[in-house]
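Engineer: The structure follows.
The values are calculated or read from the model by the stated rules, or taken from the named source; none is laboratory data. Values in this document were obtained by computation on a predicted structure and should not be read as measured data. Ideal geometry is used to build each Cβ from the backbone, glycine not excepted, and the neighbour counts take in all protein chains shown. Protein only, heavy atoms only, side chains kept; ligands, DNA and RNA dropped before computing areas. Shrake-Rupley method; radii C 1.70, N 1.55, O 1.52, S 1.80 Å.
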2 protein chains.
Amino acid sequence: MNIGQAAEATGVSAKRIRYYEQVGLLEPPQRSDAGYRVYEARDLHTLHFIQRARRLGFSLAQVSELLALWHDQGRSSGQVKAVAMKHIDELHSKIDELQSMVDTLTHLAKRCDGGDRPDCPILSELQRSES
Amino acid sequence: MNIGQAAEATGVSAKRIRYYEQVGLLEPPQRSDAGYRVYEARDLHTLHFIQRARRLGFSLAQVSELLALWHDQGRSSGQVKAVAMKHIDELHSKIDELQSMVDTLTHLAKRCDGGDRPDCPILSELQRSES
DNA sequence: CTAATCCTTCCCACGACGGGAAGGTCAAGG
DNA sequence: CCTTGACCTTCCCGTCGTGGGAAGGATTAG
(Lines give C-alpha, C1' and ligand atoms only; values in the text may rest on other atoms or scores of the structure.)
Protein backbone atom coordinates (compact mmCIF):
# COMPACT_ATOMS: atom_id res chain seq x y z
CA MET A 1 0.00 0.00 0.00
CA ASN A 2 1.48 3.32 -1.12
CA ILE A 3 1.32 6.54 0.81
CA GLY A 4 -1.58 7.90 -1.23
CA GLN A 5 -3.70 4.89 -0.45
CA ALA A 6 -2.73 5.04 3.21
CA ALA A 7 -3.75 8.70 3.21
CA GLU A 8 -7.04 7.81 1.56
CA ALA A 9 -7.67 5.00 4.02
CA THR A 10 -6.93 6.97 7.16
CA GLY A 11 -7.87 10.52 6.27
CA VAL A 12 -4.34 11.64 7.14
CA SER A 13 -2.74 13.53 4.25
CA ALA A 14 0.40 12.13 2.65
CA LYS A 15 2.21 15.27 3.74
CA ARG A 16 1.28 14.66 7.34
CA ILE A 17 2.21 11.00 7.17
CA ARG A 18 5.71 11.90 6.01
CA TYR A 19 5.93 14.55 8.70
CA TYR A 20 4.92 12.11 11.42
CA GLU A 21 7.62 9.77 10.19
CA GLN A 22 10.15 12.60 10.17
CA VAL A 23 9.47 13.62 13.77
CA GLY A 24 9.53 10.03 14.94
CA LEU A 25 5.86 9.34 15.62
CA LEU A 26 5.66 6.75 12.90
CA GLU A 27 8.16 4.00 12.21
CA PRO A 28 9.84 4.40 8.82
CA PRO A 29 7.94 1.89 6.69
CA GLN A 30 9.31 -0.57 4.18
CA ARG A 31 10.33 0.82 0.83
CA SER A 32 9.63 -0.59 -2.59
CA ASP A 33 12.45 -1.06 -5.11
CA ALA A 34 11.73 2.39 -6.43
CA GLY A 35 11.91 3.89 -2.94
CA TYR A 36 8.17 4.22 -2.42
CA ARG A 37 6.92 3.91 1.14
CA VAL A 38 4.90 0.74 1.61
CA TYR A 39 2.41 0.64 4.46
CA GLU A 40 1.06 -2.33 6.37
CA ALA A 41 -2.09 -2.73 8.43
CA ARG A 42 -0.30 -1.88 11.66
CA ASP A 43 0.91 1.41 10.21
CA LEU A 44 -2.68 2.26 9.44
CA HIS A 45 -3.62 1.42 13.03
CA THR A 46 -0.95 3.77 14.27
CA LEU A 47 -2.14 6.49 11.92
CA HIS A 48 -5.69 6.07 13.14
CA PHE A 49 -4.45 6.30 16.71
CA ILE A 50 -2.53 9.50 16.00
CA GLN A 51 -5.51 10.95 14.15
CA ARG A 52 -7.86 10.33 17.07
CA ALA A 53 -5.44 11.70 19.63
CA ARG A 54 -4.95 14.83 17.52
CA ARG A 55 -8.71 15.32 17.30
CA LEU A 56 -8.78 15.31 21.08
CA GLY A 57 -6.29 18.15 21.00
CA PHE A 58 -3.17 16.32 22.16
CA SER A 59 0.09 17.85 20.92
CA LEU A 60 2.38 15.64 18.87
CA ALA A 61 4.65 15.38 21.92
CA GLN A 62 1.73 14.07 23.96
CA VAL A 63 0.71 11.75 21.14
CA SER A 64 4.24 10.43 21.24
CA GLU A 65 3.87 9.66 24.96
CA LEU A 66 0.54 8.00 24.36
CA LEU A 67 1.95 5.87 21.56
CA ALA A 68 4.82 4.78 23.79
CA LEU A 69 2.36 3.81 26.52
CA TRP A 70 0.18 2.04 23.99
CA HIS A 71 3.11 -0.11 22.91
CA ASP A 72 4.34 -0.63 26.46
CA GLN A 73 2.86 -3.84 27.82
CA GLY A 74 4.08 -2.91 31.28
CA ARG A 75 2.27 0.44 31.40
CA SER A 76 -0.18 1.31 34.11
CA SER A 77 -3.49 2.95 33.33
CA GLY A 78 -2.41 5.59 35.85
CA GLN A 79 0.32 6.74 33.49
CA VAL A 80 -2.14 7.13 30.64
CA LYS A 81 -4.63 8.87 32.87
CA ALA A 82 -1.95 11.32 34.03
CA VAL A 83 -1.25 12.39 30.45
CA ALA A 84 -4.95 12.80 29.83
CA MET A 85 -5.59 14.74 33.04
CA LYS A 86 -2.76 17.12 32.31
CA HIS A 87 -4.21 17.76 28.89
CA ILE A 88 -7.66 18.33 30.36
CA ASP A 89 -6.15 20.92 32.70
CA GLU A 90 -4.49 22.69 29.80
CA LEU A 91 -7.75 22.69 27.89
CA HIS A 92 -9.58 24.13 30.87
CA SER A 93 -7.02 26.92 31.20
CA LYS A 94 -7.35 27.73 27.56
CA ILE A 95 -11.13 27.71 27.73
CA ASP A 96 -11.10 30.00 30.76
CA GLU A 97 -8.79 32.40 28.98
CA LEU A 98 -10.95 32.49 25.87
CA GLN A 99 -14.13 32.75 27.92
CA SER A 100 -12.87 35.79 29.76
CA MET A 101 -12.09 37.42 26.44
CA VAL A 102 -15.62 36.64 25.27
CA ASP A 103 -17.06 38.10 28.49
CA THR A 104 -15.17 41.35 28.15
CA LEU A 105 -15.90 41.67 24.45
CA THR A 106 -19.55 40.83 24.83
CA HIS A 107 -19.91 43.44 27.54
CA LEU A 108 -18.27 46.06 25.34
CA ALA A 109 -20.19 45.08 22.22
CA LYS A 110 -23.46 45.38 24.09
CA ARG A 111 -22.68 48.96 24.92
CA CYS A 112 -21.76 49.73 21.32
CA ASP A 113 -24.82 50.76 19.37
CA GLY A 114 -23.40 49.61 16.05
CA GLY A 115 -24.87 52.53 14.16
CA ASP A 116 -23.30 55.07 11.84
CA ARG A 117 -21.83 57.36 14.44
CA PRO A 118 -18.16 56.97 15.32
CA ASP A 119 -18.45 56.79 19.13
CA CYS A 120 -17.58 53.31 20.23
CA PRO A 121 -16.94 51.93 23.71
CA ILE A 122 -14.84 49.14 22.21
CA LEU A 123 -12.30 51.59 20.83
CA SER A 124 -12.56 53.69 24.00
CA GLU A 125 -11.63 50.67 26.06
CA LEU A 126 -8.70 49.81 23.79
CA GLN A 127 -7.27 53.32 23.92
CA ARG A 128 -7.74 53.87 27.65
CA SER A 129 -4.62 55.41 29.13
CA GLU A 130 -4.65 53.77 32.54
CA SER A 131 -3.62 50.17 32.86
CA MET B 1 12.62 57.81 24.46
CA ASN B 2 14.51 54.73 23.30
CA ILE B 3 12.98 51.35 22.57
CA GLY B 4 13.97 49.92 25.94
CA GLN B 5 12.17 52.67 27.78
CA ALA B 6 9.14 52.32 25.52
CA ALA B 7 9.15 48.61 26.29
CA GLU B 8 9.40 49.33 30.00
CA ALA B 9 6.61 51.88 29.82
CA THR B 10 4.17 49.75 27.87
CA GLY B 11 5.03 46.21 28.87
CA VAL B 12 5.59 45.32 25.21
CA SER B 13 9.02 43.80 24.68
CA ALA B 14 11.51 45.58 22.42
CA LYS B 15 11.45 42.54 20.16
CA ARG B 16 7.73 42.79 19.75
CA ILE B 17 7.84 46.54 19.16
CA ARG B 18 10.28 46.02 16.29
CA TYR B 19 8.13 43.21 14.96
CA TYR B 20 4.99 45.35 15.00
CA GLU B 21 6.87 47.99 13.09
CA GLN B 22 8.09 45.41 10.60
CA VAL B 23 4.61 44.08 9.86
CA GLY B 24 3.18 47.57 9.56
CA LEU B 25 1.16 47.90 12.76
CA LEU B 26 3.35 50.65 14.09
CA GLU B 27 4.63 53.66 12.16
CA PRO B 28 8.42 53.63 11.82
CA PRO B 29 9.47 56.11 14.49
CA GLN B 30 12.07 58.87 14.28
CA ARG B 31 15.67 57.80 14.50
CA SER B 32 18.47 59.42 16.46
CA ASP B 33 21.77 60.29 14.76
CA ALA B 34 23.06 56.90 15.77
CA GLY B 35 20.05 55.16 14.25
CA TYR B 36 18.24 54.47 17.52
CA ARG B 37 14.46 54.43 17.39
CA VAL B 38 12.98 57.38 19.26
CA TYR B 39 9.40 57.05 20.52
CA GLU B 40 6.86 59.77 21.25
CA ALA B 41 3.79 59.73 23.44
CA ARG B 42 1.52 58.80 20.54
CA ASP B 43 3.62 55.74 19.76
CA LEU B 44 3.12 54.64 23.35
CA HIS B 45 -0.62 55.14 22.97
CA THR B 46 -0.59 52.94 19.89
CA LEU B 47 1.43 50.29 21.70
CA HIS B 48 -1.02 50.33 24.59
CA PHE B 49 -3.87 49.94 22.12
CA ILE B 50 -2.21 46.99 20.41
CA GLN B 51 -1.41 45.43 23.76
CA ARG B 52 -5.03 45.61 24.93
CA ALA B 53 -6.39 44.28 21.67
CA ARG B 54 -3.94 41.36 21.79
CA ARG B 55 -5.04 40.55 25.34
CA LEU B 56 -8.57 40.29 24.02
CA GLY B 57 -7.33 37.69 21.56
CA PHE B 58 -7.48 39.71 18.34
CA SER B 59 -5.02 38.58 15.69
CA LEU B 60 -2.51 41.12 14.42
CA ALA B 61 -4.57 41.37 11.23
CA GLN B 62 -7.63 42.26 13.28
CA VAL B 63 -5.62 44.67 15.39
CA SER B 64 -4.57 46.29 12.16
CA GLU B 65 -8.23 46.76 11.18
CA LEU B 66 -9.03 48.17 14.61
CA LEU B 67 -6.13 50.60 14.44
CA ALA B 68 -7.29 51.78 11.03
CA LEU B 69 -10.80 52.35 12.38
CA TRP B 70 -9.39 54.07 15.44
CA HIS B 71 -7.56 56.54 13.22
CA ASP B 72 -10.46 56.94 10.82
CA GLN B 73 -12.57 59.90 11.87
CA GLY B 74 -15.27 58.81 9.44
CA ARG B 75 -15.70 55.34 10.89
CA SER B 76 -19.00 54.07 12.16
CA SER B 77 -19.27 52.17 15.42
CA GLY B 78 -20.98 49.49 13.35
CA GLN B 79 -17.72 48.76 11.58
CA VAL B 80 -15.90 48.35 14.88
CA LYS B 81 -18.67 46.24 16.28
CA ALA B 82 -18.56 43.97 13.22
CA VAL B 83 -14.89 43.22 13.81
CA ALA B 84 -15.58 42.51 17.45
CA MET B 85 -18.59 40.30 16.76
CA LYS B 86 -16.68 38.26 14.24
CA HIS B 87 -13.95 37.72 16.80
CA ILE B 88 -16.49 36.74 19.44
CA ASP B 89 -17.87 34.15 17.02
CA GLU B 90 -14.42 32.73 16.42
CA LEU B 91 -13.79 32.56 20.14
CA HIS B 92 -17.07 30.75 20.66
CA SER B 93 -16.21 28.21 17.97
CA LYS B 94 -12.84 27.61 19.54
CA ILE B 95 -14.34 27.26 22.99
CA ASP B 96 -16.93 24.78 21.71
CA GLU B 97 -14.22 22.75 20.05
CA LEU B 98 -12.07 22.66 23.19
CA GLN B 99 -15.08 21.96 25.38
CA SER B 100 -16.06 18.95 23.32
CA MET B 101 -12.53 17.62 23.69
CA VAL B 102 -12.79 18.13 27.43
CA ASP B 103 -16.15 16.35 27.52
CA THR B 104 -14.84 13.32 25.66
CA LEU B 105 -11.64 13.16 27.66
CA THR B 106 -13.37 13.61 30.98
CA HIS B 107 -15.78 10.83 30.13
CA LEU B 108 -12.91 8.52 29.24
CA ALA B 109 -10.78 9.50 32.22
CA LYS B 110 -13.67 8.76 34.56
CA ARG B 111 -13.83 5.22 33.27
CA CYS B 112 -10.07 4.76 33.67
CA ASP B 113 -9.29 3.57 37.15
CA GLY B 114 -5.78 5.07 37.12
CA GLY B 115 -4.26 2.12 38.95
CA ASP B 116 -1.31 -0.09 38.15
CA ARG B 117 -3.02 -2.38 35.69
CA PRO B 118 -2.57 -1.69 31.98
CA ASP B 119 -6.21 -1.77 30.88
CA CYS B 120 -7.24 1.71 29.93
CA PRO B 121 -10.39 2.92 28.17
CA ILE B 122 -8.50 5.99 26.95
CA LEU B 123 -6.10 3.90 24.91
CA SER B 124 -8.94 1.61 23.86
CA GLU B 125 -10.81 4.57 22.46
CA LEU B 126 -7.75 5.85 20.61
CA GLN B 127 -7.05 2.51 18.96
CA ARG B 128 -10.63 1.74 18.00
CA SER B 129 -10.77 0.44 14.47
CA GLU B 130 -14.10 1.85 13.32
CA SER B 131 -14.31 5.54 12.53
C1' DC C 1 5.19 5.54 -26.86
C1' DT C 2 3.20 8.89 -24.39
C1' DA C 3 0.49 11.15 -21.09
C1' DA C 4 -1.37 11.18 -16.63
C1' DT C 5 -0.79 10.11 -12.17
C1' DC C 6 1.72 8.72 -8.72
C1' DC C 7 5.95 8.97 -5.75
C1' DT C 8 10.47 11.13 -3.92
C1' DT C 9 13.17 15.01 -1.62
C1' DC C 10 13.69 19.78 -1.04
C1' DC C 11 12.63 24.44 0.34
C1' DC C 12 9.25 28.19 1.59
C1' DA C 13 5.27 30.04 4.13
C1' DC C 14 2.10 30.76 7.95
C1' DG C 15 1.57 33.59 13.29
C1' DA C 16 3.68 35.88 16.65
C1' DC C 17 7.07 36.01 18.60
C1' DG C 18 11.88 34.63 21.65
C1' DG C 19 16.92 33.70 21.60
C1' DG C 20 21.16 34.93 20.48
C1' DA C 21 25.16 36.49 17.52
C1' DA C 22 27.95 40.27 15.65
C1' DG C 23 28.78 44.79 15.87
C1' DG C 24 27.92 50.03 16.79
C1' DT C 25 26.79 53.71 20.70
C1' DC C 26 26.38 55.95 24.91
C1' DA C 27 27.03 57.27 29.89
C1' DA C 28 29.53 56.76 34.11
C1' DG C 29 33.58 56.04 36.70
C1' DG C 30 38.75 55.47 37.37
C1' DC D 1 41.11 59.64 28.11
C1' DC D 2 39.83 55.12 28.32
C1' DT D 3 37.38 51.33 29.62
C1' DT D 4 33.37 48.88 31.07
C1' DG D 5 28.82 47.78 30.89
C1' DA D 6 24.40 48.66 29.30
C1' DC D 7 22.11 49.84 25.55
C1' DC D 8 21.01 49.78 20.58
C1' DT D 9 21.17 47.91 15.55
C1' DT D 10 20.35 44.12 11.99
C1' DC D 11 20.37 39.34 10.95
C1' DC D 12 19.29 34.54 11.17
C1' DC D 13 17.30 30.38 13.49
C1' DG D 14 13.71 27.87 16.13
C1' DT D 15 9.07 27.13 17.66
C1' DC D 16 4.30 23.94 16.06
C1' DG D 17 1.84 21.40 12.64
C1' DT D 18 1.06 21.56 8.80
C1' DG D 19 0.09 23.16 3.33
C1' DG D 20 2.00 24.50 -1.20
C1' DG D 21 4.77 23.76 -4.78
C1' DA D 22 9.09 22.74 -7.54
C1' DA D 23 12.16 19.36 -9.72
C1' DG D 24 12.67 14.95 -11.03
C1' DG D 25 11.95 9.67 -11.06
C1' DA D 26 8.29 5.54 -11.27
C1' DT D 27 4.31 3.43 -12.64
C1' DT D 28 0.22 2.58 -15.15
C1' DA D 29 -3.34 3.04 -18.71
C1' DG D 30 -4.42 3.81 -23.30
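Engineer: So residue B:128 clears everything in (1) assigned by TED's automatic domain parsing to the domain that holds residue B:24; (2) at pLDDT below 95 except one condition, right? Which one?
Structural biologist: (1)
Engineer: Please verify whether residue A:107 is touching a residue at least 24 places away in the same chain (Cβ under 8 Å) and outside the structural domain of residue A:3 (by TED's automatic domain parsing), treating the condition exactly as stated.
Structural biologist: Against the criterion (touching a residue at least 24 places away in the same chain (Cβ under 8 Å) and outside the structural domain of residue A:3 (by TED's automatic domain parsing)), residue A:107 does not qualify.
Engineer: Can you pull out the residues in the range B:89-131 that are more than 7 Å from every other protein chain (Cβ to nearest Cβ), more than 35 Å from the chain's Cα centre (by Cα) and not small (Gly, Ala, Ser)?
Structural biologist: B:111, B:121, B:128, B:130
Engineer: How many residues does the range B:31-88 contain that are more than 25 Å from residue A:110 (Cβ to Cβ) and more than 7 Å from chain A (Cβ to nearest Cβ)?
Structural biologist: 17
Engineer: Of B:119, B:113, B:96, which residue is assigned to a helix (DSSP H, G or I) and open to solvent by 10 Å² or more (accessible area, probe 1.4 Å)?
Structural biologist: Of B:119, B:113, B:96, the one residue that is assigned to a helix (DSSP H, G or I) and open to solvent by 10 Å² or more (accessible area, probe 1.4 Å) is B:96.
Engineer: Of these, B:68, B:84, B:41, which one is away from DNA strand C (no atom under 12 Å from the Cβ), under 16 Å from the mean Cα position of the chain (by Cα) and of a type in the set (Gly, Ala, Ser)?
Structural biologist: Going through B:68, B:84, B:41 in turn, just one is away from DNA strand C (no atom under 12 Å from the Cβ), under 16 Å from the mean Cα position of the chain (by Cα) and of a type in the set (Gly, Ala, Ser): B:84.
Engineer: Continuing with this model, one more query. Assuming residue B:73 fulfils every condition listed in (1) within 13 Å of DNA strand C (Cβ to nearest atom); (2) modelled with pLDDT under 95; (3) among the polar types (S, T, N, Q) apart from one, which condition is it?
Structural biologist: (1)
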